[in-house]
Amino acid sequence: MAGKLDEPQGRGEFFKSLGTLFAGFVAQRMEDMVLGSDPGLLRPPGALEEFEFLTACTRCDKCIRACPQDTLQRATGSARFAVGTPYLEPRLMPCYLCTELPCIPACPEGALVWPRRTIKGVEVEGPAAVRLGFAAVDPGLCLTWPSEEDPAEACRTCVDRCPYPGEAIRMVDDPEGGPAHPVVDEEVCTGCGLCEYGCPTAKPAIRVKAKR
Ligand code: SF4
Ligand code: SF4
Ligand code: SF4
């Protein structure tokens, strides 16, 4: 009995499958290569997952121009595959989570979509659902912990600047009786960076890390 590959139809299907496999392999390698050199930029609100975002964004600058706070910047040559894409650096200018998130509808390519996510089991949309990343406190820099040079001191600027104080970030008492410390709830935090922007230490003791 002749094998399947001897039949014209079977051979055609075989090469078609091989082509599909090869295309999938190339696409995966391409994605690995692009994400392997990911500089970890913080994307505008509503950005797709990084690889999809890089594919969809045409570097048209429309979201950058739509931002009333001049928060969004254009990535330079050092960003490699991400060059020309919009991003933000909270220490220079955070995202103010505008009620209407005007950067999102400004994108004609669907690279930014109206945010929706489940937080603590509740469906949330709009500014509270934004997820640029999440803030992380560095106890080695935060004033509320003692350092080799200085004693601990009271500070809660990050909590006071946060649009969701008590939810995204709150002060927690020190069990040894020192000043209270800020603690971030990563699930609620939007990554807006208002805390990083306001932190009074020379090098910010709280920083937003990209969601990926
Ligand atoms: S939400 Fe407002 S401040 Fe934040 S990036 Fe969009 S337009 Fe700018
Ligand atoms: S604002 Fe900065 S120094 Fe002050 S509590 Fe927050 S992380 Fe610490
Ligand atoms: S903890 Fe910081 S990054 Fe997170 S929502 Fe509050 S201000 Fe924004």
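The values are calculated or read from the model by the stated rules, or taken from the named source; none is laboratory data. What you see is a predicted model, and the numbers here were worked out from it, not measured in a lab. Methodologically, a virtual Cβ is constructed for each residue, glycine included, from the backbone with ideal geometry; neighbour enumeration extends over all protein chains shown.
Assorted remarks:
- Of G140, G84, all but one fail to be out of contact with any Gly (no Cβ under 7 Å at 6 or more places or on another chain), in a loop (DSSP other than H, G, I, E, B) and closer than 18 Å to A47 by Cβ; the exception is G84.
- Every test in (1) part of a loop (DSSP other than H, G, I, E, B); (2) more than 13 Å from ligand 3 (Cβ to nearest atom) is passed by E123 save one, and that test is (1).
- Being under 18 Å from R91 (Cα atoms) and either touching a Gly at 6+ places or on another chain (Cβ under 7 Å) or at pLDDT below 95 (or both) is not true of K203.
- P105 at pLDDT 90 or above and not aliphatic (A, V, I, L, M): yes
- Filter result for the condition that a residue is within 26 Å of T58 (Cα to Cα) and either away from ligand 3 (no atom under 13 Å from the Cβ) or of a type in the set (A, V, I, L, M, F, W, C) (or both), over L97, L141: L97
- Against the criterion of being surrounded by fewer than 18 Cβ atoms within 10 Å (Cβ to Cβ) and within 11 Å of ligand 2 (Cβ to nearest atom), P139 qualifies.
- Flag: R116 does not match the condition of being within 21 Å of D38 (Cβ to Cβ) and basic (K, R).
- Boolean, P90 is assigned to a loop (DSSP other than H, G, I, E, B), under 27 Å from V172 (Cα atoms) and modelled with pLDDT of 95 or more: yes
Here is a yes/no grid of residues against (1) touching a residue at least 12 places away in the same chain (Cβ under 8 Å); (2) aliphatic (A, V, I, L, M):
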residue: E125; (1), (2): no, no
residue: A168; (1), (2): yes, yes
residue: P175; (1), (2): no, no
residue: V188; (1), (2): yes, yes
residue: P204; (1), (2): yes, no
